[in-house]
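Notes follow the structure.
None of the figures in this text is laboratory data; all of them are computed from the coordinates on show. Since we're looking at a predicted model, the values are computed, not measured. Counting neighbours? That spans all protein chains shown, and the Cβs are built from the backbone with ideal geometry, glycine included.
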Amino acid sequence: MRSLCGVIGIYDRENKDISKILYYGLYALQHRGQESAGIAVNNNGFIDHFKDIGLVHEVFPKEKLNRLRGNIGIGHVKSGTSGEEKSSINAQPLVVGYKKGALALANDGNLINSNELREELEDNGVIFSTNTDTEVIANLIARFHKDDIEIAIQKSLKMIKGSYSLVLMTLDRLIGVRDPYGIKPLSIGKLGNDYIISSETCAFDTIGASYVRDVEPGEMVVIKDGELKCIKSNRKYNKKLCLFELIYMARPDSKIDGKTIYLARRKAGQILAKECPADGDIVISAPDSGTVAAIGYAEASGIPYDEGLIKNRYVGRTFIQPSEELREQGVKIKLNVLEENVEGKRVILVDDSIVRGTTMKSIVGMLKKAGAKEVHLRISSPPVIFPCYFGLDTTKKKSLIADDRSVEEIREIIGADSLKYLSLEGLIDGAGGENLFCTGCFDGNYPMDIK
């Protein structure tokens, strides 16, 4: 399974009811997934949980939250995957019982050897109830049940290959693990004396917690009896954070590996203006993901920024809608043109990326219908020409609009008067200049061998 997700975990040493804190933390991570949500907590010697299809506020009305009581808990939000039918079966956290007790897991990422491991486990009598990588990991941990849970997790992680930011809980501890390349983000925070683990730091801000640091690539952090223990990998890997976290996935107010997402996107827009200038009267963005880059573009170009597209705040992200039909409909419901600002003008439209082209083709058409004289499209990332195997729902190369097309061919399909992309060098420069990123979807250079 490949989909964007968000995870959070809380250990409260004072035995408070943490379900509401988890709820608000998941609310802050809602942008990472709008298909399902779930919470698991320890409750008087067993793990209680609830998960279902829907947004966080839909899945957890007040009466549901009030029944989830405990001092250790984890939460998860998930987006849909192309071709996958919506079902609460694949929602997380996953709660399993095994010889050593109970375990709850939630994951953001994708294992590239999941099928191989699943077949091996099935050959040994394991029966799966979901098609998630998380269940594969859970069964590997159960296989090493003779060991302490921390050792069992370490042994299991040696067998898996891919990206993951994993939060786990037992009845007495909270555990967070980040993959050896740090492809997926994971951070540590504190709320008073309590520890928080989250995909993004924006969740800390929402619940009043303070950011401590990022979990290092290959590191496992264990919170037990209110104390934090760090177990670092013996092997040294090159950090390869997914560049799409900076471009699109993370919230602008989050920090990942010391980088403020807002500043990285703004800088990318400034570099884009220098690399790809355009004659225009107004700079607008495709909200919300393109807004910060558009502001940077306007600053560097001297062309005024203004609103040209108004967003319906109650519609989710169109890129992570699971089908083409839903994406097309989502654009029309999500955005409307502010005619007074674009009519008769040469519009420079800035967006973060073009993956399939569905969204952008609709937007350009809407702008021209509203009277825009010209639409010059500027993208603050390079063309996506290779599939992602680590979490983005872009594993089918033929679904990528830039797969076998030139920039000019893409421009013609979308209907823009001009189209230019930020270079990979410019994107990395905007993120600090040091290439500590997975660039596989742009240049085919993945952090590990793909079979």
The helix 291-301 Cα axis meets the longest alpha-carbon principal axis of the chain at an angle in degrees, between 0 and 90 and rounded to 10, of 40
When only C-alpha pairs under 8 Å and at least 6 residues apart count, what is the relative contact order of region 76-172, in percent? 36
Rounded tilt (10° steps) of 133-143 against the dominant C-alpha axis of the chain: 20
About the Cα centre of region 263-443, how large is the charge dipole given +1 on each Lys and Arg Cβ and -1 on each Asp and Glu Cβ? Please answer in debye to the nearest 20. 420
Toward the positive end of the charge dipole of region 263-443, about the Cα centre and with charges on Cβ (Lys, Arg +1; Asp, Glu -1), which of VAL292, ILE282, LEU400 goes farthest? LEU400
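Taking all pairs of distinct Cα atoms, average 1/r, flip it, and tell me the Kirkwood hydrodynamic radius of region 363-451 in Å to one decimal place. Could the numbers behind the result be given before it?
Working: mean 1/r = 0.0679 Å⁻¹.
That comes to 14.7 Å for region 363-451.
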Over the Cα atoms of region 102-260, each weighted equally, I'd like the Debye log10 I(q)/I(0) at q = 0.08, 0.12, 0.19 Å⁻¹, rounded to two decimals. -0.23, -0.53, -1.24
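Tell me the chymotrypsin sites (Phe, Trp or Tyr not before Pro) within region 228-293 that lie in a loop according to DSSP and have at most 16 other beta-carbon atoms within 10 Å.
Values: sites: TYR237, PHE244, TYR248, TYR262; in loops: TYR237.
Sites meeting the loop and neighbour criteria: TYR237.
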Magnitude of the Cβ-charge dipole of the chain, K/R +1 and D/E -1, about the Cα centre, nearest 20 debye? 640
What Kirkwood hydrodynamic radius, in Å, does region 50-116 give when the mean of 1/r is taken over all pairs of distinct Cα atoms and then inverted? 14.1
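Order the peptides 361-369, 410-418 from the highest to the lowest mean number of other Cβ atoms within 10 Å of their residues. Don't jump to the answer; show the numbers that get you there.
Values: 361-369: 19.7, 410-418: 17.9.
Going from most to least packed, we get 361-369, 410-418.
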Simple spin-label estimate for ARG405/LYS369, 7 Å along Cα→Cβ, in nm, reads 1.9
Cα-centred dipole magnitude for region 161-315, charges only on beta-carbon of K, R (+1) and D, E (-1), debye, nearest 20: 760
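Does region 149-197 classify as rounded, prolate or oblate by the C-alpha gyration tensor (a ≥ b ≥ c root eigenvalues; a/c under 1.5 gives rounded; else a/b over b/c gives prolate, otherwise oblate)? Kindly include the intermediate steps, with their values, before the conclusion.
Values: a/c = 3.43, a/b = 1.37, b/c = 2.49.
Oblate, since a/c reaches 1.5 and b/c is not below a/b.
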Given the chain, what whole percent of its Cα pairs are spread farther than 36 Å? 27
Diffusion coefficient, µm² s⁻¹, Stokes-Einstein with Kirkwood Rh over alpha-carbon pairs of region 5-237 at 4 °C and 1.567 mPa s: 75
Report the extension gain between LEU171 and SER423 in nm, rounded to one decimal, defined as 0.36 nm multiplied by the number of residues separating them, less their alpha carbon distance. 85.8 nm
Using Cα pairs under 8 angstrom and six or more residues apart, how large is the relative contact order of region 263-443, in percent? 24
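Per DSSP helix of 4 or more residues, -39500 (n - 2.57); summed, then divided by the residues of the chain. What does that give at 222 nm, rounded to the nearest 500? Don't skip to the answer; put the middle values down first.
On the way: 15 runs with 128 residues, N = 451.
The per-residue figure over the chain is -8000 deg cm²/dmol.
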Listed residue (ILE18, GLN30, TYR305) projecting farthest to the positive dipole end of the chain, Cβ model: ILE18
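Starting from the Cα gyration tensor of region 263-443, take the square roots of the eigenvalues, sort them a ≥ b ≥ c, and report rounded, prolate or oblate (rounded when a/c is under 1.5, otherwise prolate if a/b is larger than b/c, else oblate).
Verdict is oblate for region 263-443.
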Rank-order 342-348, 380-386 by packing density, defined as the average count of other C-beta atoms within 10 Å over each peptide's residues, highest first. 380-386, 342-348
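I need to check one value: relative contact order of the chain, counting alpha carbon pairs closer than 8 Å and at least 6 residues apart, in percent.
On the way: 1098 pairs, mean separation 62.2, N = 451.
After rounding, I find 14 percent.
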If amide hydrogens are placed 1.01 Å from N in the peptide plane, which non-local residues have theirs closer than 5 Å to the one on ALA372? GLY344
Counting all C-alpha pairs of region 37-159, share separated by more than 25 Å (%): 27
Output the 0 to 90 degree angle, nearest 10, between the alpha-carbon long axis of helix 358-369 and the longest principal axis computed from the alpha carbons of the chain. 30
Choose one of LEU166, PHE442, ALA104: the residue whose Cα lies farthest towards the positive end of the charge dipole of the chain (beta-carbon charges +1 Lys, Arg; -1 Asp, Glu; about the Cα centre). ALA104
Other-chain or far-sequence residues with amide H under 5 Å of CYS388's (modelled H): THR394, THR395
